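**Student:** Could you have a look at this structure, given as C-alpha cells, before my questions?
The values are calculated or read from the model by the stated rules, or taken from the named source; none is laboratory data. Computed from a prediction, not measured in an experiment: that's the story for all the values here. All Cβ positions, glycine included, derive from the backbone under ideal geometry; neighbour counts span all protein chains shown.
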Amino acid sequence: MQKLPTKPIAKPPIVPPLLEATIFARVLRHDTELALTTLFFGDGELRVPLIDHPVDSAVQVRIDARDVSIALSRPMDVSITNRLPGEIAELEFLAPPYVRATFDLGTTKIHSLITRESVDRLALVPGLKAWAMIKAVAISERDLKPDHAPRPRPWPSDRTPNREKP
C-alpha cells in the first residue's frame, strides 16, 4: 500500500502581546542641533526625537514594552539614550517565549517584553535592581492637558553661588 505524502501542519505564528506604558511628561528643552527634545517626568528625563510642542507644555508618552531592554549594571557603552535605574517589580510569564517584566522606577511603572531565555540568563527576579533602556527613536508622543504633567522642582530664587561670606 502506497503512503500518500502529507503536508506538515503549520503552527500559527506566535504574536507578541501589545504592552505599553503611558508616562505623563513635560517638555523641558529642545536641542535643534541634535533634533532631540528632553522630557521631564516624575522619575527622570527622557530624550525623544524633536517634537513640535513648546517648552513647559505637557505630553503623554507611550512606551511599547518591545522597545524596553534590561541591563543589570549601569549601561555606559551603548547607543540607547534613555537609561533609567529601577527595580524589577513583577515577572509575568506569557505564551512562550514571552515574559512581561514590570519595572518600578519610583513612581512610574513601565514594561519590558523579553524572552524566558533572558529571564534565566540574567537570573531576573522581583526585587532585583536593574536598568530599563529605551531607544529615543522608539518613543511617540501625544498631547495632554498641561495640568496633568509633573513640573521640575524650581530652583530657589534666593539661591546664590557658594562663596565665602565677607
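**Student:** Quick one: would you say Thr107 is of a type in the set (Val, Ile, Thr), in contact with a strand residue (DSSP E or B) (Cβ under 7 Å, 6 or more places away or on another chain) and closer than 19 Å to Thr22 by Cα? Give the steps one after another, and end with the answer.
**Tutor:** Working: of a type in the set (Val, Ile, Thr): yes; in contact with a strand residue (DSSP E or B) (Cβ under 7 Å, 6 or more places away or on another chain): no; closer than 19 Å to Thr22 by Cα: yes.
Criteria not met by Thr107.
**Student:** Can you tell me how many residues in the range 1-25 are farther than 27 Å from Phe93 by Cα and either of a type in the set (Ser, Thr, Tyr) or modelled with pLDDT under 70 (or both)?
**Tutor:** Start the filter on the range 1-25 by keeping residues that are farther than 27 Å from Phe93 by Cα, which leaves 1-8, 24-25.
Of the ones still in play, those that are also either of a type in the set (Ser, Thr, Tyr) or modelled with pLDDT under 70 (or both) are 1-8.
Adding up the residues that qualify gives 8.
**Student:** Give me the pairs: first residue in the range 89-104 and basic (Lys, Arg), second residue part of a strand (DSSP E or B), beta-carbon distance under 9 Å, and six or more apart or on different chains, which are they?
**Tutor:** From the range 89-104, the pairs are Arg100/Glu90; Arg100/Leu91; Arg100/Glu92; Arg100/Phe93; Arg100/His111; Arg100/Ser112; Arg100/Leu113; Arg100/Ile114.
**Student:** Restricting to the range 50-77, give me the number of residues that are farther than 22 Å from Leu28 by Cα, assigned to a loop (DSSP other than H, G, I, E, B), out of contact with any Ser or Thr (no Cβ under 9 Å at 6 or more places or on another chain) and not polar (S, T, N, Q).
**Tutor:** 4
**Student:** Suppose we filter Ser69, Ser112 for residues that are touching a helix residue (DSSP H, G or I) at 6+ places or on another chain (Cβ under 8 Å) and touching a residue at least 40 places away in the same chain (Cβ under 8 Å); which single one remains?
**Tutor:** Values: Ser69 fails: touching a helix residue (DSSP H, G or I) at 6+ places or on another chain (Cβ under 8 Å).
On inspection, the qualifying residue turns out to be Ser112.
Rundown of residues vs (1) surrounded by 18 or more Cβ atoms within 10 Å (Cβ to Cβ); (2) modelled with pLDDT of 95 or more, yes/no style:
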{"site": "Asp52", "(1), (2)": "no, no"}
{"site": "Arg62", "(1), (2)": "no, no"}
{"site": "Val68", "(1), (2)": "yes, yes"}
{"site": "Arg74", "(1), (2)": "no, yes"}
{"site": "Ala95", "(1), (2)": "no, no"}
{"site": "Ile110", "(1), (2)": "yes, yes"}
{"site": "Thr115", "(1), (2)": "no, yes"}
{"site": "Asp120", "(1), (2)": "no, yes"}
{"site": "Pro126", "(1), (2)": "no, yes"}
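**Student:** Name the residues in the range 78-93 that are over 11 Å from Val125 (Cα atoms) and either more than 16 Å from the chain's Cα centre (by Cα) or part of a strand (DSSP E or B) (or both), would you? Full working, then the answer.
**Tutor:** Residues of the range 78-93 that are over 11 Å from Val125 (Cα atoms), as a first pass: 78-86, 93.
Selection gives Asn82, Arg83, Leu84, Pro85, Gly86, Phe93.
**Student:** Being at pLDDT 70 or above and part of a loop (DSSP other than H, G, I, E, B) is the filter here, so list the residues in the range 146-166 that pass it.
**Tutor:** Ala149, Pro150, Arg151, Pro152, Arg153, Pro154, Trp155, Pro156
**Student:** Another one. Restricting to the range 26-49, give me the number of residues that are assigned to a loop (DSSP other than H, G, I, E, B), modelled with pLDDT of 95 or more and of a type outside the set (Val, Ile, Thr).
**Tutor:** Residues that pass the stated criteria total 4.
**Student:** May I ask you to verify whether Pro96 is of a type outside the set (S, T, N, Q), outside any strand (DSSP E or B) and within 20 Å of Leu19 (Cβ to Cβ)?
**Tutor:** Details: of a type outside the set (S, T, N, Q): yes; outside any strand (DSSP E or B): yes; within 20 Å of Leu19 (Cβ to Cβ): yes.
Yes; evaluated as a whole, the condition is true for this residue.
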